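Below is one structure, written out as structure tokens; the observations come after it.
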Amino acid sequence: MSDADMETFGVAAAYLRKSERERIAAQNTPFDAKTAVFVPDPKQEYVKGKIKGLDGSTLTVEVEGGKVISVHADDVRPMNPPKFDKIEDMALLTHLHEPAVLFNLKERYAAWMIYTYSGLFCVTVNPYKWLPVYNPEVVAGYRGKKRQESPPHIFSISDNAYQYMLTDRENQSILITGESGAGKTVNTKRVIQYFATIASLGDSSKKEQLPNKGTLEDQIIQANPLLEAFGNAKTVRNDNSSRFGKFIRIHFGTKGKLASADIETYLLEKSRVTFQLPAERSYHIFYQILSNKKPELIEMMLITSNPYDYPFISQGEITVQSIDDTEELMATDSAIGILGFNTEEKVGIYKLTGAVMHNGNMKFKQKQREEQAEPDGTEVADKVAYLMGLNSADLLKALCYPRVKVGNEYVTKGQTPQQVNNSMGALSKAVYEKLFLWMVTRINQQLDTKLPRQHFIGVLDIAGFEIFEMNSLEQICINFTNEKLQQFFNHHMFVLEQEEYKKEGIVWEFIDFGMDLAACIELIEKPMGIFSILEEECMFPKATDGSFKNKLYDQHLGKNSIFQKPKPSKGKTEAHFSLVHYAGTVDYNISGWLEKNKDPLNDTVVQLYQKSSLKLLSFLFATYASADGRLFFSSSVLSLLLLSAHLIISFSQSRWK
């Protein structure tokens, strides 16, 4: 595209492609291909340099800044001519290697060109600020254009998927992956925005718009603020991190018009409901409500506007610099209306959110001369009972004296204060998770129109690989999911591509790119692997974090190179074992894993929930099956294994982008 053509993108043009003037200047820049090299550097990975001399296999290189160093000839990499600077597709580089890729991305990023192609892939570097590259004129500029006709952009990937779907009559899938904080969720929203814009149902005056509901395009877009409020939180690296994965299918009719959509979610990070690390925050919805932008919510939920009054949500930070909770509350509240939730459902959502906050304030003390808990005041229980449509006395009795099934009979079992507190945490996480999943189900019902469907485009926004200062069960689950997906992705993108080489008679030595990940995956999921030992330990009442660690060491330390003993470091959070993942070595802390994996629910309290006068709560637990005296395991591990199978089915039905 010429500079004149780029003007169609308006102010975004400067962020998408360098000007003709800059391209001509680069071509005329002096360059000596024999001496210009990249040299390894301990601080910056690589620096640019110029060869000054050769002594056997040792090169003398002058690096930027004038410093002269000696380096082995095998460690330097040739630079590309200046005409390749800021190239849009790195597969076209004359010299394609790690420093060339890194410098190209760095130089494009310095010019705020955040999208770059690498063959089949579109690489995005998070600018951590809003750029004008998603404006309506940009959407229009990519519509119907072939990939090579326009600058790299997520809209180009989206439009090509749309065009392939129409011409090839095949389902399409777009995988958005990367480490935590890379910008996956924002790009997912932009993909949805693009499809909602270019494939809308036509003239808005003719669209069916029910009272208090938006059009289908509005509803698809508005699903994000609601899901983000209840499913996103601040982590150490990301102010708005998705703590759940989602696979969004957007269905189209025979002529490419929007027909409907549905969302599948998995692995909501339940533990964040009751626990946060010092530099983190719980789910945004709590702080949105406490911003007091809608005082009627504070009154309805019987809460104050001070987060520190609620221990469940104030163990870390309570504000996020980049997020305006008052503004976000209005967006969330508006989304609830546009998505078609009725008044009773809306009230139920807020009441249960408030009840979860109050649950953390319930106090229990030990009876004198007994290992038995009793309520330490009833004020908080009265508030919880009011919000959940329960009887306060029945709730406290069920918590302190639950009835459990022994054989064919039910007996009353005493509880210590610690057991009651653990039970409150498990119940709070269960209520929040079921509420979240119910909202997704209701959104799907709303997006399920009666219009005929022909094909879909799927968008997978998966939780990013995480390496934090402190890595717990949530991180190993997320990283395992990434490992499984990466293996599946490598197989489909590289192994199948090599099969095409064979068909075309190209001489090629077969490489199984999935094998790089197999060892770590098997260590985690196979019999006597980490998850297997965790499940086994949860079966034993006297099992502890220590006994779990000992079993892991006995089974794997010194026998599997992927499983390692962490190296102690001053000022570093304690770690109990390390795993060598494809994306790096991660130190894991196993404190509390047994409790997190068990999360046994108090059946007696659940039975109260099932009879609640709050319709939403009774519905959420209507299908709950009693644990029948056995541990009620959380679905954290199971959901990951099911996810792996689901991905293979979903993505094998579609064409990858």
Practice task
Would you be able to say whether some residue in segment 338-345 is among the acidic types (Asp, Glu) and under 30 Å from Ile220 (Cβ atoms)?
Solution key: yes
Practice task
Say whether the condition of being more than 29 Å from Ile298 (Cα to Cα), surrounded by 21 or more Cβ atoms within 10 Å (Cβ to Cβ), in contact (Cβ under 8 Å) with a residue 12 or more places away in the chain and of a type in the set (A, V, I, L, M) is met by at least one residue in segment 370-380.
Solution key: yes
Handout entry: Selection from segment 63-96 of residues that are touching a residue at least 12 places away in the same chain (Cβ under 8 Å), more than 18 Å from Phe121 (Cα to Cα) and of a type in the set (D, E, K, R)
Key = Glu64, Asp74, Asp75, Arg77, Lys83, Asp85
Practice task
Determine whether segment 296-307 contains at least one residue that is surrounded by 16 or more Cβ atoms within 10 Å (Cβ to Cβ) and within 28 Å of the chain's Cα centre (by Cα).
Solution key: yes
Fill in the blank from the handout: Among strands (runs of 3 or more DSSP E) completely within segment 564-657, the ones holding 2 or more residues that are modelled with pLDDT under 60, in contact with a Phe, Trp or Tyr (Cβ under 8 Å, 6 or more places away or on another chain) and surrounded by 13 or more Cβ atoms within 10 Å (Cβ to Cβ) are 654-656
Exercise for the section: Using the structure shown, decide if Val138 is farther than 26 Å from Phe31 by Cβ, outside any strand (DSSP E or B) and touching a Gly at 6+ places or on another chain (Cβ under 8 Å). Expected result: yes
Exercise for the section: Being touching a strand residue (DSSP E or B) at 6+ places or on another chain (Cβ under 7 Å) and over 30 Å from Lys598 (Cβ atoms) narrows it down to one of Leu302, Leu290, Leu267, Leu258, so name that one. Expected result: Leu258
Completion exercise
Among Ser532, Ser561, the single one that is among the small types (Gly, Ala, Ser), surrounded by 13 or more Cβ atoms within 10 Å (Cβ to Cβ) and either closer than 23 Å to Asn482 by Cα or touching a strand residue (DSSP E or B) at 6+ places or on another chain (Cβ under 8 Å) (or both) is Ser532
Completion exercise
Restricting attention to segment 402-426, the residues that are under 18 Å from Phe364 (Cα atoms) and in contact (Cβ under 8 Å) with a residue 60 or more places away in the chain number exactly 6
Practice task
Among the helices (runs of 4 or more DSSP H) lying completely within segment 454-531, list those that include at least 1 residues that are at pLDDT 90 or above and not small (Gly, Ala, Ser).
Solution key: 473-490, 515-525
Exercise for the section: Kindly check whether there is at least one residue in segment 408-427 that is farther than 21 Å from Trp593 by Cβ, surrounded by fewer than 20 Cβ atoms within 10 Å (Cβ to Cβ) and among the aliphatic types (A, V, I, L, M). Expected result: yes
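May I ask you to list the residues in segment 413-440 that are touching a strand residue (DSSP E or B) at 6+ places or on another chain (Cβ under 9 Å) and assigned to a helix (DSSP H, G or I)? Talk me through it step by step, then tell me what you get.
Taking segment 413-440 and keeping what is touching a strand residue (DSSP E or B) at 6+ places or on another chain (Cβ under 9 Å), we get 413-421, 424, 432, 436-437, 439-440.
Scanning segment 413-440 gives Pro417, Gln418, Gln419, Val420, Asn421, Met424, Tyr432, Phe436, Leu437, Met439, Val440.
Residues that are surrounded by fewer than 16 Cβ atoms within 10 Å (Cβ to Cβ): list the strands (runs of 3 or more DSSP E) wholly contained in segment 1-96 that include at least 3 such residues. It would help to see each step written out before you state the result.
On the way: elements: 36-41, 45-55, 58-63, 68-72.
Output list reads 45-55, 68-72.
Out of everything in segment 428-458 that is of a type in the set (Val, Ile, Thr) and within 23 Å of Leu175 (Cβ to Cβ), what residue ends up being surrounded by the most Cβ atoms within 10 Å (Cβ to Cβ)?
Applying the filter and picking the extreme gives Ile457.
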Handout entry: In segment 105-122, residue farthest from Asn490 (Cα to Cα) [restricted to those that are touching a residue at least 24 places away in the same chain (Cβ under 8 Å) and of a type outside the set (Phe, Trp, Tyr)]
Key = Ala111
Exercise for the section: Kindly indicate whether any position in segment 69-89 is of a type in the set (Ser, Thr, Tyr) and under 23 Å from Arg23 (Cβ atoms). Expected result: no
Exercise for the section: Go through the residues of segment 286-304 one by one and say whether even a single one is touching a residue at least 60 places away in the same chain (Cβ under 8 Å), closer than 24 Å to Ile462 by Cα and part of a loop (DSSP other than H, G, I, E, B). Expected result: no
Fill in the blank from the handout: Screening Lys246, Lys255 for residues that are free of Cβ contacts under 8 Å to residues at least 60 places away in the same chain, outside any helix (DSSP H, G or I) and of a type outside the set (Gly, Ala, Ser) leaves only Lys255
Problem - Odd one out for Val125, checked against (1) under 27 Å from the mean Cα position of the chain (by Cα); (2) closer than 14 Å to Asp85 by Cβ - result: (2)
Practice task
Give segment 156-170 a look and list any residue that's surrounded by 22 or more Cβ atoms within 10 Å (Cβ to Cβ) and not in a helix (DSSP H, G or I), or say none.
Solution key: none
Handout entry: Residues located in segment 410-458, provided they are small (Gly, Ala, Ser) and under 19 Å from Phe244 (Cα atoms)
Key = Ala426, Ser428, Ala430, Gly458
Practice task
Could you tell me which of the residues Thr326, Thr353 is more than 24 Å from Leu614 (Cα to Cα), in a helix (DSSP H, G or I) and of a type outside the set (A, V, I, L, M, F, W, C)?
Solution key: Thr326
Handout entry: Total residues in segment 112-125, condition of a type in the set (Gly, Ala, Ser) and either under 18 Å from Glu45 (Cα atoms) or surrounded by 14 or more Cβ atoms within 10 Å (Cβ to Cβ) (or both)
Key = 1
Problem - Single match in Val101, Val139, Val133 (criterion: surrounded by fewer than 21 Cβ atoms within 10 Å (Cβ to Cβ), closer than 23 Å to Ala14 by Cα, in contact (Cβ under 8 Å) with a residue 24 or more places away in the chain and within 27 Å of the chain's Cα centre (by Cα)) - result: Val139
Practice task
Determine whether Arg243 is within 30 Å of Met165 (Cα to Cα), of a type outside the set (Ser, Thr, Tyr) and at pLDDT below 95.
Solution key: no
Completion exercise
Within segment 116-136, residues in contact with a strand residue (DSSP E or B) (Cβ under 6 Å, 6 or more places away or on another chain) and under 20 Å from Ser19 (Cβ atoms) come out as Thr116, Tyr117
Handout entry: Close pairs (6 angstrom Cβ cut-off, 6 or more residues apart or separate chains): crowded, with 21+ Cβ neighbours inside 10 Å in segment 349-362, among the basic types (Lys, Arg) anywhere
Key = His358/Lys383
Practice task
Evaluate the following for Tyr128: is it on the phi > 0 side of the Ramachandran plot and assigned to a loop (DSSP other than H, G, I, E, B)?
Solution key: yes
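The values are calculated or read from the model by the stated rules, or taken from the named source; none is laboratory data. Small disclaimer: the values here were computed from a predicted structure and weren't measured. Cβ coordinates were reconstructed from backbone atoms using ideal geometry, including for glycine residues, and neighbour counts include every protein chain displayed.
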